[in-house]
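Written below as structure tokens is the structure these notes are about.
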Amino acid sequence: MKDINDNSHENNSYLRPNCSFQCGRAKMWRKPCWQGPDQKGGCGGTSECTPYRKGDRYECRRPKHAGGPCVQGPLPDGQCANTRVACQPKPRLRERRKQFSLIAVVTVIASIAALMTTGENGKLSPLSMDAGQLSSVHAGFTREEGCGSCHTVHDKDALSWLQAAFTPHDQTEGCLNCHQFGGPNTAPHNAEFPDRSDLPNPTCNTCHTEHKGDNFSLVQVSDALCSNCHQSNTTSFVKNHKAFPDDFPSSEPNTIYFNHDKHLGEYFVEDKWLDKRDRAFGERARDACVTCHQVETASREVKPRPYREVCANCHDDQIRGREFVLLTYDSLTPLSGLLLGLNEDDADDEDIGGEKRAELMEKIAESGFDPVSELLDEQGQSDFTTRLFKGMNSESIRNAATAWAEGDDYEPEGGTEIKLRGWKAGENANGDQAISYLISGHEDQVIHDWVDYIVAVLNSTDDENLRDSANYALSFLLDREEGAGACGKCHQAGVVSSVIQPGKHEIQWGYVGQANRPYTRYSHAPHINLLGSNAGCKTCHKLNAEADYTAYFENFPPQADQFVSSFSAISKDTCTECHRSKIARFDCQLCHTYHHKPGFNIDFQEKRKTSHE
Amino acid sequence: MASIPAILLKQRNWAPYAILAGIMVALFVATALSSTYLAHHLGDPAYVTGYTLFGFMVFLIIFNIRKRLSMLPIFKVRWWTPLHVASGILVIALFWLHTGTLWPGGLYEQAIAIIFYLVSLSGLYGYMVLRVYPGWLTQTGIEVIYEEVPAIVADYREEAERLILECTKETRSDTLARYYTETLDWFFRRPHFIINHLLGGRKGIHWVNQHISTARRYLNDTEREYLDKLNDLASKKNRIDFHFAIQSMMKLWLLFHVPVSVALFLLSLWHLLLVNVYSL
């Protein structure tokens, strides 16, 4: 038996560990031959040695470790006398590893090739390149065209693939087939920032990543991306976001005058007002903001309910039946002065104003309403002719003018006591002979049109005299105490702002929300749901008793810098009570948006097809 | 036999390994910082993590080629091995950094992930094998060339059979011969108790002892002398079995690790191509 610690060459054969095959006998746990298999896997041990010819004799060459030269010696023809049945050599582990590796290579290549085989419509099957499920918003429109919907190189030939591999890609163009924005598509925030030449023009893929599953949010990005351009060192809303402005969020002047402090502190509380008005409503409103605000549609703002629902009960009587005097038999009002193009001084002047008035009355007496139309034509405001005097009886006016020219009072048929709404001539509420208009109520169309007319004159003429006249007429009409229709009591600021900055502002009769902040968003809805619709509002909106809310509205025209909200500013600390770690989100995108007016191209399907053709 | 954790931690000189670990940690941190920088600066972090990952995968593959080119003086294998192991562990971290998840979404990416995890697990298992088993082999007190095991087993079998024949002739009793045929012959045919040996168990030697002691009570003194020689032979054979089992595992894990690594490399290459064709 061989000593396993004896490693001398005389007692050991070379084991050829690098040979790809091992003796078949060894594989069967029998004694392997000393020759071992050949390189091709054939048996090398069918004879115990290869005899060597020395002179004319053959000598046995069996090595010592295999027993040394045999007794029989070689056969005469030089063959070994000790032959054996050939074994079947087996691959060694190294060879097996090579084989398995080859199988792995073939399997991978075959699998990729098989999964890439052309599917329906001659398009590549995406299985071998499936980068992950698309988001639900994109999965639908790619269903028919597959990968080619976005990846233009898909379904192209091998050369195109090769070119694409070495060509930078920008899929932005493809995205813009469907998506559109309110400004330059790839500009930061879809807007121009002339002062920031350092800003990059990111592609869609810079921020949005697809193939992350149907529930993946494409729009959610890291806060760190924002800090690329916003170099304010803000790393966290809680830690170092800058404080909100002192007037946040009510920085823009209100268009409607509504004094929360007065209403909640007096009108809805004190008996003298409750007894006079609507006690039930007042008691409800003082405790619950939702009495007046439409909590059902709460979003960025919780808009007030319409006038009819919340204001009319108390304020309708203050409007209906008020009188709007165009002119009296012996004097002009600022409105008739504007028609005649007279400024405040001229209209009040006995000579100038009196002469113009007499002239107008004479013409009306002669031809009825036509002279007024001519005056509007001269001012380029002929559109208002029928609107301003809607419902006016031309004959009645003519008769009144005739009577007044003859020094008589005019009394219409049926008498002046009849309180009809609309235009009339004769004795008015003050006992003067006048052409006047009785207001029908809130949103009276004639009053609206008169305001529109005045604003149209102001916005269209450079004639200082006419502008003075129009300003005088506007202040007269919108006077908060005496103005016809009492419009100015609430709407003065909303109307006048359209005059202060024409073109930028339209007449704002109704409620206009706070400043348009295109890159911020906020929704009252989840806050109201969480905090409750009544007391919850007061968590953030706290009345500021010291604020001089009325100052802005008392000036004519109102000065924007004088506006102070009835409510205290909302500070960042109010938000961070909840929007902090482990309680509620506080990332940038919670309140800020990146894109400006994101939307879709209406014809995106056609555009997409065209771009692919 | 020392416990596996103790062997894994046993190291005469920690300094080079600590330096190597430090380098790998530094490389990972550098890659992570670069990726974070890109992510924060409108870049594509997958670009840097992906190419770093692929680079290290190429380096890991080169280890196999290096072993074949033993004539080239490109560092010693004793340096390549820890580098390979350290790089392998780094690559696992880079893979997670690159994918950002333990389990990616796409079918193809999932296929890569499966193969990657198989390669990683087999690599970690191989590292454990290479750290633990050599110590166990040393503790046997003998050195056995793996390729010689069949010849040694055949030698022992022949010796055992020779002893049985000699005993039968000398004692003119076939008790030991019959007992050998019924029990020990199976043991000498080929290596046995492979799994038990791999787990560091002593089932083989217990089996031998049990059968030797069972036979002893039926034998006379002369036969017992032969039984003692057989016992000695069986003990040696058991140690050869142990060597065979351990050395086989030290080679067999590569039978899985290398082909799967090759598959992973090809899949990664295809992934790289697709990414460049479709999105980069």
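The values are calculated or read from the model by the stated rules, or taken from the named source; none is laboratory data. As the structure is a prediction and not an experimental result, all values here were calculated from the model. As a convention, Cβ positions derive from the backbone with ideal geometry for all residues, glycine included, and neighbour counts pool all protein chains shown.
Is it the case, given these coordinates, that residue A:237 is surrounded by 15 or more Cβ atoms within 10 Å (Cβ to Cβ), more than 14 Å from chain B (Cβ to nearest Cβ), within 29 Å of residue A:528 (Cα to Cα) and touching a residue at least 60 places away in the same chain (Cβ under 8 Å)?
On the way: surrounded by 15 or more Cβ atoms within 10 Å (Cβ to Cβ): yes; more than 14 Å from chain B (Cβ to nearest Cβ): yes; within 29 Å of residue A:528 (Cα to Cα): yes; touching a residue at least 60 places away in the same chain (Cβ under 8 Å): yes.
Here the answer is yes, as residue A:237 does meet what is asked.
Of the conditions (1) in contact with a Phe, Trp or Tyr (Cβ under 9 Å, 6 or more places away or on another chain); (2) at the interface with chain A (Cβ under 9 Å from one of its Cβ atoms), residue B:148 satisfies every one except a single condition; which number is it?
Of everything listed in (1) in contact with a Phe, Trp or Tyr (Cβ under 9 Å, 6 or more places away or on another chain); (2) at the interface with chain A (Cβ under 9 Å from one of its Cβ atoms), residue B:148 misses just condition (1).
When you scan region A:52-71, how many residues do you find that are among the acidic types (Asp, Glu) and either closer than 23 Å to residue A:9 by Cα or not in a loop (DSSP other than H, G, I, E, B) (or both)? Before the answer, list the steps.
Within region A:52-71, the subset among the acidic types (Asp, Glu) is A:56, A:59.
Narrowing further to those that are either closer than 23 Å to residue A:9 by Cα or not in a loop (DSSP other than H, G, I, E, B) (or both): A:59.
Total meeting the criteria: 1.
Output the qualifying pairs, or none if there are none: Cβ atoms under 8 angstrom, residues six or more apart or on different chains, first residue in region B:98-109 and facing chain A (nearest Cβ under 7 Å) and over 13 Å from residue A:213 (Cβ atoms), second residue of a type in the set (D, E, K, R) and crowded, with 19+ Cβ neighbours inside 10 Å.
B:108/A:130
So which residues in region A:510-553 are at pLDDT below 90, aromatic (Phe, Trp, Tyr) and buried (at least 17 other Cβ atoms within 10 Å of the Cβ)?
A:552, A:553
Report yes if residue A:423 is within 51 Å of the chain's Cα centre (by Cα), closer than 25 Å to residue A:342 by Cβ and either polar (S, T, N, Q) or at pLDDT 90 or above (or both), otherwise no.
Values: within 51 Å of the chain's Cα centre (by Cα): yes; closer than 25 Å to residue A:342 by Cβ: yes; either polar (S, T, N, Q) or at pLDDT 90 or above (or both): no.
So residue A:423 fails the test.
Which number in (1) assigned to a strand (DSSP E or B); (2) surrounded by 13 or more Cβ atoms within 10 Å (Cβ to Cβ) marks the one condition that residue A:34 misses?
(1) is the only condition that residue A:34 fails.
Would you say residue A:20 is surrounded by 15 or more Cβ atoms within 10 Å (Cβ to Cβ), away from every other protein chain (no Cβ under 11 Å) and either touching a residue at least 12 places away in the same chain (Cβ under 8 Å) or touching a helix residue (DSSP H, G or I) at 6+ places or on another chain (Cβ under 7 Å) (or both)? Before the answer, list the steps.
Working: surrounded by 15 or more Cβ atoms within 10 Å (Cβ to Cβ): yes; away from every other protein chain (no Cβ under 11 Å): yes; either touching a residue at least 12 places away in the same chain (Cβ under 8 Å) or touching a helix residue (DSSP H, G or I) at 6+ places or on another chain (Cβ under 7 Å) (or both): yes.
Taking the combined requirement at face value, the residue satisfies it.
So which pairs qualify, if the first residue must be in region A:254-269 and more than 16 Å from residue A:284 (Cβ to Cβ), the second must be β-branched (Val, Ile, Thr), the Cβ gap must be under 9 Å, and the two must be at least 6 apart or on different chains?
So the pair list comes out as A:254/A:512; A:255/A:495; A:255/A:512; A:256/A:512; A:257/A:550; A:259/A:550; A:262/A:550.
Determine which single condition residue A:225 fails, assuming it passes every other condition in (1) surrounded by 14 or more Cβ atoms within 10 Å (Cβ to Cβ); (2) at pLDDT below 85; (3) part of a loop (DSSP other than H, G, I, E, B).
Looking at each condition in turn, residue A:225 falls short on (3).
Answer yes or no as to whether residue B:238 is crowded, with 21+ Cβ neighbours inside 10 Å, touching a helix residue (DSSP H, G or I) at 6+ places or on another chain (Cβ under 7 Å), without any contact (Cβ under 8 Å) to a residue 60 or more places away in the chain and over 21 Å from residue B:172 (Cα atoms). Step through it out loud before you land on a result.
Details: crowded, with 21+ Cβ neighbours inside 10 Å: yes; touching a helix residue (DSSP H, G or I) at 6+ places or on another chain (Cβ under 7 Å): yes; without any contact (Cβ under 8 Å) to a residue 60 or more places away in the chain: yes; over 21 Å from residue B:172 (Cα atoms): yes.
In short, yes.
Table: residues versus (1) loosely packed, with under 13 Cβ neighbours inside 10 Å; (2) at pLDDT below 95.
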position: B:121; (1), (2): no, no
position: B:132; (1), (2): no, yes
position: B:136; (1), (2): no, yes
position: B:148; (1), (2): no, yes
position: B:155; (1), (2): no, yes
position: B:174; (1), (2): no, yes
position: B:214; (1), (2): yes, yes
position: B:226; (1), (2): no, no
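Could you please find all residues in region B:146-203 being in contact (Cβ under 8 Å) with a residue 60 or more places away in the chain and in contact with a Leu (Cβ under 8 Å, 6 or more places away or on another chain)? So that I can check it myself, show each step before the final result.
Filtering region B:146-203 down to residues in contact (Cβ under 8 Å) with a residue 60 or more places away in the chain leaves B:146, B:149, B:152-153, B:156, B:159-160, B:163-164, B:166, B:200.
Hits for region B:146-203 are B:156, B:159, B:160, B:163, B:164.
Check region A:33-43 and report whether any residue there is in contact with a Pro (Cβ under 7 Å, 6 or more places away or on another chain) and at pLDDT below 90.
Taking every residue of region A:33-43 in turn, at least one turns out to be in contact with a Pro (Cβ under 7 Å, 6 or more places away or on another chain) and at pLDDT below 90.
Just for helices (runs of 4 or more DSSP H) wholly inside region B:165-280: which have at least 1 residues that are over 30 Å from residue A:169 (Cβ atoms) and more than 14 Å from chain A (Cβ to nearest Cβ)? It would help to see each step written out before you state the result.
Working: elements: B:175-179, B:185-189, B:194-198, B:203-216, B:221-278.
Of the helices (runs of 4 or more DSSP H) lying wholly inside region B:165-280, those with at least 1 residues that are over 30 Å from residue A:169 (Cβ atoms) and more than 14 Å from chain A (Cβ to nearest Cβ) span B:175-179, B:194-198, B:203-216, B:221-278.
Can you name the residue in region A:155-208 that is under 20 Å from the mean Cα position of the chain (by Cα) and of a type in the set (Ser, Thr, Tyr) and is also nearest to residue B:37 (Cα to Cα) among such residues? Give the derivation first.
We begin by selecting, within region A:155-208, every residue under 20 Å from the mean Cα position of the chain (by Cα); these are A:172, A:175-193, A:201-208.
With the extra rule that they be of a type in the set (Ser, Thr, Tyr), the set shrinks to A:172, A:186, A:203, A:206.
Numbers: A:172: 23, A:186: 22, A:203: 18, A:206: 13 Å.
It comes out as A:206.
All but one of (1) more than 21 Å from residue B:157 (Cβ to Cβ); (2) surrounded by fewer than 19 Cβ atoms within 10 Å (Cβ to Cβ) hold for residue B:278; which doesn't?
Result: residue B:278 passes all but (2).
If residue B:9 passes every condition in (1) farther than 30 Å from residue A:226 by Cα; (2) at pLDDT 95 or above; (3) out of contact with any helix residue (DSSP H, G or I) (no Cβ under 7 Å at 6 or more places or on another chain) but one, which one does it miss?
Residue B:9 satisfies all of (1) farther than 30 Å from residue A:226 by Cα; (2) at pLDDT 95 or above; (3) out of contact with any helix residue (DSSP H, G or I) (no Cβ under 7 Å at 6 or more places or on another chain) except (2).
Scan region B:59-80 and tell me whether some residue there is surrounded by 14 or more Cβ atoms within 10 Å (Cβ to Cβ), within 30 Å of residue A:202 (Cα to Cα) and either modelled with pLDDT of 90 or more or touching a helix residue (DSSP H, G or I) at 6+ places or on another chain (Cβ under 8 Å) (or both).
For region B:59-80, residues surrounded by 14 or more Cβ atoms within 10 Å (Cβ to Cβ), within 30 Å of residue A:202 (Cα to Cα) and either modelled with pLDDT of 90 or more or touching a helix residue (DSSP H, G or I) at 6+ places or on another chain (Cβ under 8 Å) (or both): absent.
Residue under question is residue A:74, and the condition is that it be surrounded by 15 or more Cβ atoms within 10 Å (Cβ to Cβ) and in a loop (DSSP other than H, G, I, E, B); does it hold?
On the way: surrounded by 15 or more Cβ atoms within 10 Å (Cβ to Cβ): yes; in a loop (DSSP other than H, G, I, E, B): yes.
Spelling it out, residue A:74 is indeed surrounded by 15 or more Cβ atoms within 10 Å (Cβ to Cβ) and in a loop (DSSP other than H, G, I, E, B).
Could you check region B:5-116 for helices (runs of 4 or more DSSP H) lying wholly inside it with 3 or more residues that are aromatic (Phe, Trp, Tyr) and either over 29 Å from the mean Cα position of the chain (by Cα) or under 30 Å from residue B:199 (Cβ atoms) (or both)?
Numbers: elements: B:15-40, B:45-68, B:77-99.
So the answer is B:45-68.
Is it fair to say residue A:103 is within 8 Å of another protein chain (Cβ to nearest Cβ) and modelled with pLDDT under 90?
In short, no.
Could you identify the single residue in A:435, A:447, A:454 that is farther than 22 Å from residue A:378 by Cβ, under 54 Å from the mean Cα position of the chain (by Cα) and buried (at least 17 other Cβ atoms within 10 Å of the Cβ)? Can you show your working first?
Values: A:435 fails: farther than 22 Å from residue A:378 by Cβ; A:454 fails: farther than 22 Å from residue A:378 by Cβ.
Within the list A:435, A:447, A:454, the selection yields A:447.
Taking the condition in contact (Cβ under 8 Å) with a residue 60 or more places away in the chain, surrounded by 15 or more Cβ atoms within 10 Å (Cβ to Cβ) and either within 8 Å of chain A (Cβ to nearest Cβ) or not in a helix (DSSP H, G or I) (or both), does residue B:142 pass? Steps first, please.
Numbers: in contact (Cβ under 8 Å) with a residue 60 or more places away in the chain: yes; surrounded by 15 or more Cβ atoms within 10 Å (Cβ to Cβ): no; either within 8 Å of chain A (Cβ to nearest Cβ) or not in a helix (DSSP H, G or I) (or both): yes.
Answer is no for this residue.
Can we say residue A:426 is buried (at least 18 other Cβ atoms within 10 Å of the Cβ) and without any contact (Cβ under 8 Å) to a residue 40 or more places away in the chain?
Working: buried (at least 18 other Cβ atoms within 10 Å of the Cβ): yes; without any contact (Cβ under 8 Å) to a residue 40 or more places away in the chain: yes.
In short, yes.
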